[in-house]
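Here's the structure we're looking at; comments come further down.
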Amino acid sequence: MVRRLVFAAAFVAACGRSPARSPAALTLVDDAGVTTVLPAPARRVVSLIPAGTEILFALGADSAVVGRTRWCDWPAAAAQVPSVGDGMAPNVEAVAERQPDLVVAYRSPGNSGAIGRLRDLGIPVVEVTLDRQRDFDRVTRLLATALGRPDAGEALIRTVAADLASSIRTHPRPPSVLVLAWTDPPIAIGGGSFLSEIVAWAGARNLFADVDQPSFTVAIEAVVARDPNYVLVSGPDDPTFASRPEWKVVPAVRERRFLRVDGSEFNRPSPRIGAAVRALAGTIAAGGR
């Protein structure tokens, strides 16, 4: 269900020389610890992370986004941007065809080959980690700086923080919620994920919040032992795994105690975090449907 989206100077290293810096040059360090110098604010950006795309649009850089992944579905205007395909192990040729002066990529071993090829082509790449809400502020500042819009970045951070603060709900006895990323084999969402944060802010408790990993393989027996009050599911229909005999040993599944949510705001730490929290809190308050 949940699947799981500052700047690097490898361009200088790839070229083997340090260009003279103009007064408008930007020096940034990305989440991989690589430093890059941009001669001027980025004006042609390919975003390979859906959350990064949302941040760029929220910073008012609509016209600067010239490429996105097929999963970049927000805001609606993003659909008008040409897709370059997947964000993981991206199509280097498709990205290069957009002639970017900046590529925003997810920091992952699976992306290292493509990132290296892009840098060999002289295309600056920023590798960022966007897994938790705490990553949002840092990445927003990096992208805002790369665009030459640091003030817009700070304004966005304040707006999102205020929206989230007003959306948080608490309960004296938070109900426990099982969150699955996959069912065959069962993969649960742990405390190291953005979705676990949403559950907590909405007034509930992730069943496996004590596991400090974004996700991990779990035995159904372990789920039974913890006996969740609810199961978080995506969409209006019952999940297909609910009809499988092995899952009916979980009371919350057998009794159809589902918290139904829908929307990509539950998949990524983005400017829509407050909306995600409010939606889930409303579902919890209604006792699930």
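Since every read-out is calculated from the coordinates, none of them should be taken as a lab result. Remember, predicted model here, so these are calculated numbers, not experimental data. Here Cβ is always computed from backbone atoms with ideal geometry, including for glycine, and neighbour counts include all displayed protein chains.
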3J(HN,Hα) from dihedral phi, segment 137-144, Karplus parametrisation 6.51/-1.76/1.60, rounded to Hz, x for glycine, proline: 4, 4, 5, 4, 5, 5, 5, 5
Amide H contacts of residue 148 (H built 1.01 Å from N, under 5 Å, at least 5 apart or other chain): 42
Simple spin-label estimate for residue 212 and residue 62 in nanometres, 7 Å along Cα-Cβ: 4.3
Residues 207, 59, sorted so that the one with the fewest Cβ neighbours within 10 Å comes first: 59, 207
Segment 83-150 pair-distance distribution - Cα-Cα, 5 Å bins, rounded %: 4, 16, 27, 22, 20, 10, 1
Dipole-positive endmost among 231, 275, 242 within segment 176-285 (Cβ charges, Cα centre): 275
Bridge type composition, the chain - antiparallel percent by DSSP, nearest 5: 35
Note, ³J(HN,Hα) from phi for segment 230-239, Karplus 6.51, -1.76, 1.60, rounded to Hz, x at Gly and Pro: 9, 10, 7, 10, 9, x, x, 8, 5, x
Average projected area [Cα convex hull, the chain], square nanometres: 15.4
Antiparallel DSSP beta bridges within segment 95-222, percent to nearest 5: 50
Once the Cα gyration tensor of segment 176-285 is diagonalised, semi-axes √(5λ) in Å: 21, 15, 12
Inter-centroid distance (Cα atoms) of segment 174-188 relative to segment 232-289, Å: 10
Computed [θ] at 222 nm, helices only, for the chain once each DSSP H run of length n ≥ 4 contributes -39500 (n - 2.57): -9500 deg cm²/dmol
Footprinting exposure proxy for 265, 154 (fewest neighbouring C-beta atoms within 10 Å first): 154, 265
Calculated from backbone phi, Karplus (6.51, -1.76, 1.60) coupling profile of segment 103-108 in Hz, x at Gly/Pro: 10, 9, 10, 6, 6, 7
Segment 10-165: C-alpha gyration tensor shape, a/c 1.5 cut-off, then a/b vs b/c: oblate
